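Below you'll find the structure, written out as structure tokens, and then a few comments.
The values are calculated or read from the model by the stated rules, or taken from the named source; none is laboratory data. Because the structure is predicted, anything quoted here is derived from the model rather than measured. Cβ placement follows ideal geometry from the backbone for every residue including glycine, while neighbour counts extend to all protein chains displayed.
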Amino acid sequence: MVNKGDMVLLELEGKDKEGNVFDSTSGDAAKRLHGKEGPILLSFGFDKIIPGLFDAVSHMRKGENKEISLSPDKAFGKRNKDLMKVMSLAEFRKFRVNPEPGLLIHVDTDQGRTYGTVKSVGNGRVMVDFNHPLASKPVYYKVKLVDVFSDPESKVKALCDDSGVVEKWSMKDGNLELKFRDGLAQDKETRKALLLIMLKTRVEGLKKIDIGQKHAAQAVSSTQLPVSGSHNAKTGDPKRETGN
């Protein structure tokens, strides 16, 4: 059984009624959607997981495989006409975007990032459909629960391993020491900041994270949990998604 607050490592493949793969942890789809191949690490109750997949995984055991069929209400919901929005063409031009039917866009709001598809362009207006492309459609998943992480130390290990930027770590009495790998590319620097946020928001009982003076400039804090050598900068809480 998987409980809210646990972290899970999943292998999965999602297909629509026609057999088209829309989500996967292997092949080109995995690289496009998740940035890499291999199991995806999700925080149960924090990250966005469609209802039917959430229910199925919550009753699985480590190592178990399952195939599930999901109706629209358990997947991406039903189409909502109120999610068809008319936007100004000038707004797109301001960001040097040339909208055309089929173009996928995203809009950042107070509730997070929302994705839409351009349906038509004309008379200075752009019609955008913010319904999920699979809204009102049944979907099918193959999923394997590779591992479950429930205690703080196992969550720290899972997050550090998944980030690919940590050389070694140790934790005692709620104090975590991290040593990052040297010579990381710019995208890995971003992963450092994301890792710190994930540790603070996903791992209970952490009192302090020590990253050393060398890396203090990259420290980013989303809570009042202290990071040694850094200031507390307010950031948003990143949510991973599956079933996009």
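Annotations for the structure displayed:
- Criterion (at pLDDT 90 or above, in a strand (DSSP E or B) and either surrounded by fewer than 14 Cβ atoms within 10 Å (Cβ to Cβ) or in contact with a Phe, Trp or Tyr (Cβ under 6 Å, 6 or more places away or on another chain) (or both)) met by exactly one of Lys142, Lys179, Lys155, Lys168: Lys168
- Of all residues in the range 188-228, those satisfying the criterion of being part of a loop (DSSP other than H, G, I, E, B), under 20 Å from the mean Cα position of the chain (by Cα) and at pLDDT 85 or above are Val203, Glu204.
- Scanning the range 1-54 for residues that are under 22 Å from Ser163 (Cβ atoms) and among the polar types (S, T, N, Q) yields Ser24, Thr25, Ser26, Ser43.
- Failed condition for Phe92, given (1) outside any strand (DSSP E or B); (2) of a type in the set (A, V, I, L, M, F, W, C); (3) touching a helix residue (DSSP H, G or I) at 6+ places or on another chain (Cβ under 9 Å); (4) more than 29 Å from Asp47 (Cβ to Cβ): (3)
- Ile105 being over 12 Å from Phe130 (Cα atoms), β-branched (Val, Ile, Thr) and surrounded by 14 or more Cβ atoms within 10 Å (Cβ to Cβ): no
- Residue list for the range 57-106, filter: farther than 19 Å from Leu12 by Cα and charged (D, E, K, R): Asp73, Lys78, Arg79, Lys81, Asp82, Lys85, Glu91, Arg93, Lys94, Arg96, Glu100
- Candidates Asn98, Asn131, filtered to the one that is exposed (fewer than 14 other Cβ atoms within 10 Å of the Cβ) and outside any helix (DSSP H, G or I): Asn98
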